[in-house]
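Below is one structure, written out as structure tokens; the observations come after it.
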Amino acid sequence: MHHASLYTKVENDRVVCRVCRRRCHIPPGELGYCGTRLNKGGKLMSLTYSRVSTMMVSPIERKPMYHFYPGSIWLSVGSVGCNFRCPGCQNWEIACATADLKGDGFFPEGGERVMGGPKRETEQVSPELLVEIAKREGAFGISFTYNEPTLWVEYAERSMAEAKGVGLYTNWVTNGYITIEALDMIGPYLDSFRVDIKGFSERAYREIAGIFDYRGILEVVLRAKEKWGMHVELVTNVIPGVNDDIDELKALARWIVKEMGPDTPWHITRFFPHYKLLDTPETPADLLENIYKMAVDEGLHYPYLGNVSHHMGENTYCPGCGETVIRRREGAFEESCLVGGDRCPECDTVIFGRFPQARGE
């Protein structure tokens, strides 16, 4: 176990966790909603610090991130637990699990009762070792993904500080339900922020994630860009009958244009039946195409269609002249036609993002 950084002790040894926006009030000997933070005698402890369930080398496009060093290879790493319980979660096996800590000397007294839920075997990987592995694998950076990285904030902060010290870049794949104080804790070390925007109404977020105050996520997204200068890309997985209302999605597109700017990439992705939504049909391609066209009409320069095979919506087009400047196939980078690293070869328009060889990089 690792002493948590963000919590407040209140009466009767209860603690208030300040890592995510649930701000759980946790009695002694109990866990917060995410299943990764234990109140041990009035001290909040992280049960997943340095506990890795999943690690692999993969391209940045898998996040998906299309405008942050396209084609680069990243060490992607995850643990267990989540502060959401999305019924269509693609990674539910780890998102709904808790770390099996038996045999490592950290298992709390009464831990079987306290921890509950399915256990997932994890491996202990220190921040120093994580960075060493990334360098050994020739990774461009480290991505905290697979489960919600907010729950790993102490480990991520230390690991990203180590990574930045040796010239590696950093990335989070997140639902954005993080507190401002936790965001500011990692802000100095985080380069890129890929955020799920699951809908644009209380109804959609209540049905998908069991929360109401989704506008706090929008606040975090703006702060990540404006205060910390992070590269931000947004994703909405369109689930039929849940968050596919075109007027609601139009309102989201308008918010992105107005608040984040028209250059912000928005990935509109196809839902496939999974986990507790096996009876929900996959998203019709024509619906996704209508949303894509709407996004363009609303002024977004870089909307994308995801999980639709061999679709033109995977490519990057110059907002100045419409030229195809980056080609992708099945979500994988194929080629870039940019000149000078970040300019359209036809009209010299600067393409938003971070690219190799752009402006001396």
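The values are calculated or read from the model by the stated rules, or taken from the named source; none is laboratory data. Since the structure is predicted, the reported quantities are computational estimates derived from the model, not experimental observations. Counting neighbours? That spans all protein chains shown, and the Cβs are built from the backbone with ideal geometry, glycine included.
Looking at the stretch 278-292, I want the residues that are surrounded by fewer than 17 Cβ atoms within 10 Å (Cβ to Cβ) and have a partner that is of a type in the set (Phe, Trp, Tyr) with Cβ atoms under 7 Å, at least 6 apart or on another chain. Which pairs are those?
Here the result reads 282/271; 282/272, each pair linking the stretch 278-292 to a residue that is of a type in the set (Phe, Trp, Tyr).
Considering the stretch 226-266 alone, what residues qualify as being of a type in the set (Lys, Arg) and farther than 21 Å from residue 298 by Cα? Walk me through it before giving the result.
Keep residues of the stretch 226-266 that are of a type in the set (Lys, Arg), which gives 227, 250, 254, 258.
Across the stretch 226-266, the qualifying residue is only 227.
Please go through (1) more than 18 Å from residue 173 (Cα to Cα); (2) out of contact with any Pro (no Cβ under 8 Å at 6 or more places or on another chain); (3) not aromatic (Phe, Trp, Tyr) for residue 273 and return the number of the only condition it doesn't satisfy.
Against the list (1) more than 18 Å from residue 173 (Cα to Cα); (2) out of contact with any Pro (no Cβ under 8 Å at 6 or more places or on another chain); (3) not aromatic (Phe, Trp, Tyr), residue 273 comes up short only on (2).
Could you list, in sequence order, all residues of the stretch 166-183 that are more than 12 Å from the chain's Cα centre (by Cα), under 15 Å from residue 143 (Cα atoms) and of a type in the set (A, V, I, L, M, F, W, C)?
Once the filter is applied, which keeps residues that are more than 12 Å from the chain's Cα centre (by Cα), under 15 Å from residue 143 (Cα atoms) and of a type in the set (A, V, I, L, M, F, W, C), the stretch 166-183 yields only 168.
Among the listed residues 315, 307, which satisfies the condition of being modelled with pLDDT under 95, in contact with a strand residue (DSSP E or B) (Cβ under 7 Å, 6 or more places away or on another chain) and under 23 Å from residue 195 (Cα atoms)? Write out each step before concluding.
Details: 315 fails: modelled with pLDDT under 95.
Going through 315, 307 in turn, just one is modelled with pLDDT under 95, in contact with a strand residue (DSSP E or B) (Cβ under 7 Å, 6 or more places away or on another chain) and under 23 Å from residue 195 (Cα atoms): 307.
Looking at the stretch 25-46, is at least one residue in a loop (DSSP other than H, G, I, E, B) and either in the same structural domain as residue 326 (by TED's automatic domain parsing) or of a type in the set (Lys, Arg) (or both)?
Initially, the stretch 25-46 is screened for residues in a loop (DSSP other than H, G, I, E, B), giving 27-30, 32-36, 41-42.
Next cut, either in the same structural domain as residue 326 (by TED's automatic domain parsing) or of a type in the set (Lys, Arg) (or both) only: none.
No, the conditions are met nowhere in the stretch 25-46.
Quickly run through the stretch 19-36 and pick out the residues that are crowded, with 20+ Cβ neighbours inside 10 Å and touching a residue at least 24 places away in the same chain (Cβ under 8 Å).
Those that are crowded, with 20+ Cβ neighbours inside 10 Å and touching a residue at least 24 places away in the same chain (Cβ under 8 Å): 19, 20, 21, 31, 34, 35, 36.
For residue 245, are the conditions met, namely being surrounded by fewer than 23 Cβ atoms within 10 Å (Cβ to Cβ), closer than 29 Å to residue 50 by Cα and among the acidic types (Asp, Glu)?
Values: surrounded by fewer than 23 Cβ atoms within 10 Å (Cβ to Cβ): yes; closer than 29 Å to residue 50 by Cα: no; among the acidic types (Asp, Glu): yes.
The answer is no for residue 245.
For the stretch 211-240: of the residues being part of a helix (DSSP H, G or I) and among the β-branched types (Val, Ile, Thr), which is surrounded by the fewest Cβ atoms within 10 Å (Cβ to Cβ)? Walk me through it before giving the result.
Let us first name the residues in the stretch 211-240 that are part of a helix (DSSP H, G or I), namely 215-226.
Going one step further and asking which of them are among the β-branched types (Val, Ile, Thr), we end up with 217, 220-221.
Values: 217: 22, 220: 24, 221: 24.
Once the filter is applied, the top-ranked residue is 217.
Can you name the condition, by its number, that residue 307 falls short on among (1) farther than 16 Å from residue 253 by Cβ; (2) loosely packed, with under 15 Cβ neighbours inside 10 Å?
Against the list (1) farther than 16 Å from residue 253 by Cβ; (2) loosely packed, with under 15 Cβ neighbours inside 10 Å, residue 307 comes up short only on (2).
Go through the stretch 235-263 and give me each residue that's touching a residue at least 40 places away in the same chain (Cβ under 8 Å) and within 20 Å of residue 191 (Cβ to Cβ).
235, 263
Only one of these is under 19 Å from residue 88 (Cα atoms) and outside any loop (DSSP other than H, G, I, E, B): 291, 268. Name it. Step through it out loud before you land on a result.
Values: 291 fails: under 19 Å from residue 88 (Cα atoms).
Answer to the selection: 268.
Does the stretch 341-357 hold any residues that are within 18 Å of residue 262 (Cα to Cα) and crowded, with 18+ Cβ neighbours inside 10 Å, and which are they?
Answer for the stretch 341-357, where residues must be within 18 Å of residue 262 (Cα to Cα) and crowded, with 18+ Cβ neighbours inside 10 Å: 342, 343, 344, 351, 352, 353, 354.
For the structure I just gave you, tell me whether residue 61 is among the charged types (D, E, K, R) and modelled with pLDDT under 95.
Values: among the charged types (D, E, K, R): yes; modelled with pLDDT under 95: no.
In short, no.
Inside the stretch 37-57, can you point out the residues that are free of Cβ contacts under 8 Å to residues at least 40 places away in the same chain and surrounded by fewer than 20 Cβ atoms within 10 Å (Cβ to Cβ)?
Looking only at the stretch 37-57, we keep the residues that are free of Cβ contacts under 8 Å to residues at least 40 places away in the same chain, and these are 39, 41-42, 56.
Scanning the stretch 37-57 gives 41, 42, 56.
Can you say whether residue 320 is assigned to a helix (DSSP H, G or I) and either at pLDDT 95 or above or among the β-branched types (Val, Ile, Thr) (or both), as far as the supplied structure shows? Let's see the steps before the verdict.
Working: assigned to a helix (DSSP H, G or I): no; either at pLDDT 95 or above or among the β-branched types (Val, Ile, Thr) (or both): yes.
No.
What number of residues within the stretch 311-340 are surrounded by fewer than 17 Cβ atoms within 10 Å (Cβ to Cβ) and touching a Lys or Arg at 6+ places or on another chain (Cβ under 7 Å)?
Residues meeting the conditions: 3.
With respect to the numbered conditions (1) over 22 Å from residue 261 (Cβ atoms); (2) part of a loop (DSSP other than H, G, I, E, B), which one is the sole condition not fulfilled by residue 301?
Condition (1) is where residue 301 drops out.
Taking residue 198 and the conditions (1) crowded, with 20+ Cβ neighbours inside 10 Å; (2) farther than 25 Å from residue 291 by Cα; (3) among the basic types (Lys, Arg), which numbered condition does it fall short on, given that it satisfies the others?
Looking at each condition in turn, residue 198 falls short on (2).
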